[in-house]
Ligand SMILES: NC(=O)c1ccc[n+]([C@@H]2O[C@H](COP(=O)([O-])OP(=O)(O)OC[C@H]3O[C@@H](n4cnc5c(N)ncnc54)[C@H](OP(=O)(O)O)[C@@H]3O)[C@@H](O)[C@H]2O)c1
């Protein structure tokens, strides 16, 4: 399976299809299935894994650590992204949180480290910590998450703020408000977007309109929703699943090409934004 890549920094191309891990690491009884799906992903070429210190209170990172310790794929061929809690994002706090994440993951470095959402610490301080971590080789690139346009505009004014590699935001067919201003702004600056909750935590799959358009092209609703995001070259998708069959289904999105008729049908069913709206978060 050939997975397209986005360039998030000169030396870190990031695969545009990854595995989300929110809700993993919460119950020890689920760990075996979670490890199995992470390993199955890696075996199928899905080498980007998105996580956060928040998920399962470190449990998701620990599960990923267990999974990657059992794979023959070398560390350089994996892309691991984690996130720091806003309340930890002071200069010292970010560095300490990253070190805890590295320990749980059993790795020497992160490919991407993101501020989970804007918080009380000045963004200049967090960026300073990210740059220190990068200089120490503990992260390859850094970014943000849940930053709206005003947050991004502020970010690029602080020292080294322009080095932001990505912004991870809620983006799917039923959540298109980012297309109004944030995406074009990022696109002009070559800042790829990581689209989280690409199937709206499975709620989107119940849409009769999505089901009908998917049926017409011989795809499943999940494949169509993911393929629609992937047809934009600077969007990275990270659907989460703990089922190998669903992982395979979702990967089918990579073989779908959406023609103009399908794209217009999707625009008619899920209208693009006509005015700005506050950035939504899940
Ligand atoms: N930065 C942030 O603030 C933020 C916020 C939310 C999410 N995220 C990241 O983005 C990732 C993805 O978002 P998400 O987990 O919120 O939602 P999602 O990927 O849109 O949906 C995940 C849900 O859909 C189910 N699912 C997956 N594939 C399916 C399929 N083919 N058919 C039916 N059900 C399917 C999963 O169930 P099973 O697991 O039971 O298969 C799970 O309940 C997260 O895991 C996390 O890594 C980041």
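List every residue pair whose Cβ atoms lie under 9 Å apart, where the two residues are 6 or more positions apart in sequence or sit on different chains, the first residue falls within the range 168-188 and is on the phi > 0 side of the Ramachandran plot and in contact (Cβ under 8 Å) with a residue 40 or more places away in the chain, and the second residue, located anywhere, is more than 16 Å from the ligand (Cβ to nearest atom) and part of a helix (DSSP H, G or I). Sorted first by the residue in the range 168-188, then by its partner, the list stays empty. Among (1) under 18 Å from residue 112 (Cβ atoms); (2) surrounded by fewer than 24 Cβ atoms within 10 Å (Cβ to Cβ), where does residue 51 come up short? Going through (1) under 18 Å from residue 112 (Cβ atoms); (2) surrounded by fewer than 24 Cβ atoms within 10 Å (Cβ to Cβ) one by one, residue 51 breaks only (2).
Filter the range 98-115 down to the residues that are surrounded by fewer than 23 Cβ atoms within 10 Å (Cβ to Cβ) and assigned to a helix (DSSP H, G or I) and list them by number.
So in the range 98-115, the residues surrounded by fewer than 23 Cβ atoms within 10 Å (Cβ to Cβ) come out as 99-100, 102-104, 106-109.
Listed by number, the residues that qualify are 99, 100, 102, 103, 104.
Within the range 232-253, the set of residues being modelled with pLDDT of 95 or more and away from the ligand (no atom under 12 Å from the Cβ) comprises just one member, 235. Residue-level analysis places residue 93 outside the set of residues that are assigned to a loop (DSSP other than H, G, I, E, B) and away from the ligand (no atom under 16 Å from the Cβ). Within the range 254-280, restricting attention to residues that are within 16 Å of the ligand (Cβ to nearest atom) and surrounded by fewer than 13 Cβ atoms within 10 Å (Cβ to Cβ), the residue that is nearest to residue 63 (Cα to Cα) is 255.
For the range 156-172, the set of residues classified as under 16 Å from the mean Cα position of the chain (by Cα) and more than 11 Å from the ligand (Cβ to nearest atom) consists of 164, 165, listed by residue number. Candidates in the range 196-230 are the residues that are within 8 Å of the ligand (Cβ to nearest atom) and either under 28 Å from residue 163 (Cα atoms) or touching a residue at least 40 places away in the same chain (Cβ under 8 Å) (or both); of these, the one that is surrounded by the fewest Cβ atoms within 10 Å (Cβ to Cβ) is 201.
The values are calculated or read from the model by the stated rules, or taken from the named source; none is laboratory data. Keep in mind the model is a prediction, meaning the values are calculated, not measured. In this analysis, Cβ positions are derived from the backbone assuming ideal geometry, glycine residues included, and neighbour counts consider all displayed protein chains.
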